[in-house]
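See below for the structure under consideration.
Please treat every number below as a calculation from the coordinates, not as lab data. If you're wondering where the values come from, they're calculated on a predicted model, not measured in any experiment. All Cβ positions, even for glycine, are placed from backbone atoms using ideal geometry, and neighbour counts span all protein chains on display.
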């Protein structure tokens, strides 16, 4: 893992702080607002470019861990997100929607890094990536409409159009980019050079989007600082309950140690760039929803780093 990846949460916080300072010192709000969505869409193109749908073949080899992951990510977690929002954020509908968007979108990139660090089953982890991507694309509008309730206050058509814009469009662009690269330069160049460029572009684009978001909404953040602090308890509960649920499921299914690691990482890691892009596109007049989503990675990445050490597969001791 590179230094930028290891300290991603620090850099996200620094980008947010730089955006706040910029937004308060200079009248850049309107201009910065026009940067956020393009940066997020381009970021997703870079993320999706690294996805090989052919990896889904590994699902057959690790059926139990894949089935458990689907139940935890697409049944248990949405219900938990609804309960946390209703119980702890009932007075702030925008924060409830932000929390819901964050928690119902399982990660499609960073969990692979931490799964590798913890010596998890990379075949199952990689196979889950396109599955998680497709299912969250299909189910995200359903979750927001059904679980968001009156707090969502957005038409189904608007939400579906936002998902099409920030998920299907980047996905189509990524598929076209991969195929063009393979045709033009061959599969080796695509996998070594193009994938390297795409991987290196993700973090700068994320920091750009975060900086622009906070510069755009500096006044909103200042006015609602107390409400944003209210996000910490539900996020903390999630980051305790989610790994415990994965551990209990692993024990119940008697999963091998490496598959237990994979299940834990894919259950805990969230897809904040996707959630943020959907929030910006679907709720342009409710910026607190998008701002709330920045709090997720600030807690998530340190938690994943700690978990990668706690659940790491230890080499067997030599006999004698």
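Rank-order 84-92, 276-284, 99-107 by packing density, defined as the average count of other C-beta atoms within 10 Å over each peptide's residues, highest first.
99-107, 276-284, 84-92
With labels modelled as points extended 7 Å from the Cα through the Cβ direction, what inter-label distance (nm, one decimal) is found for residue 230 paired with residue 189?
5.5 nm
Please arrange 34, 224, 121 by counting, for each residue, the other beta carbons lying within 10 Å of its beta carbon, fewest first.
In increasing order of surrounding Cβ atoms, one gets 34, 224, 121.
For residue 31 and residue 64 in one chain, what is 0.36 nm times their gap in residues minus the Cα-Cα distance, to one decimal in nm?
Length gained between residue 31 and residue 64: 7.0 nm.
So, in Å, what gap is there between the alpha-carbon centers of the stretch 189-259 and the stretch 72-88?
The distance from the Cα centre of the stretch 189-259 to that of the stretch 72-88 comes to 16 Å.
Report, in deg cm²/dmol and to the nearest 500, the calculated mean residue ellipticity at 222 nm for the chain, where each DSSP H run with n ≥ 4 adds -39500 (n - 2.57) and the sum is divided by the residue count.
Helix-only estimate at 222 nm: -23500 deg cm²/dmol.
What FRET efficiency, computed as 1/(1 + (r/R0)^6) with R0 = 30 Å and r the Cβ-Cβ distance, is obtained for residue 169 and residue 253, rounded to the nearest 0.05?
Step by step, r from the Cβ atoms, then E = 0.20.
First check a/c for the stretch 221-312, with a ≥ b ≥ c the square roots of the eigenvalues of its C-alpha gyration tensor; if it is under 1.5, answer rounded, and if not, answer prolate when a/b is larger than b/c or oblate otherwise.
Taking the square roots of the gyration eigenvalues as a ≥ b ≥ c, the stretch 221-312 is prolate.
What distance in nm lies between label points placed 7 Å from Cα along the C-beta direction at residue 86 and residue 14?
Label at residue 86, label at residue 14, 4.2 nm between them.
Rounded if a/c is under 1.5, else prolate if a/b is larger than b/c, else oblate: which is the stretch 3-310, with a ≥ b ≥ c the root eigenvalues of its Cα gyration tensor?
Cα axes put the stretch 3-310 in the oblate bin.
Residue 138 versus residue 180, label points 7 Å from Cα toward the beta carbon: distance in nm?
With each label point 7 Å from Cα toward Cβ, the separation is 2.9 nm.
Could you list 213, 195 so that the one with the fewest beta carbons within 10 Å of its beta carbon is first and the one with the most is last?
Ranked by crowding around the Cβ, least crowded first: 195, 213.
Note down the relative contact order for the chain as a percent, whole number, built from C-alpha pairs under 8 angstrom at least six residues apart.
Once normalised by length, the contact order is 38 percent.
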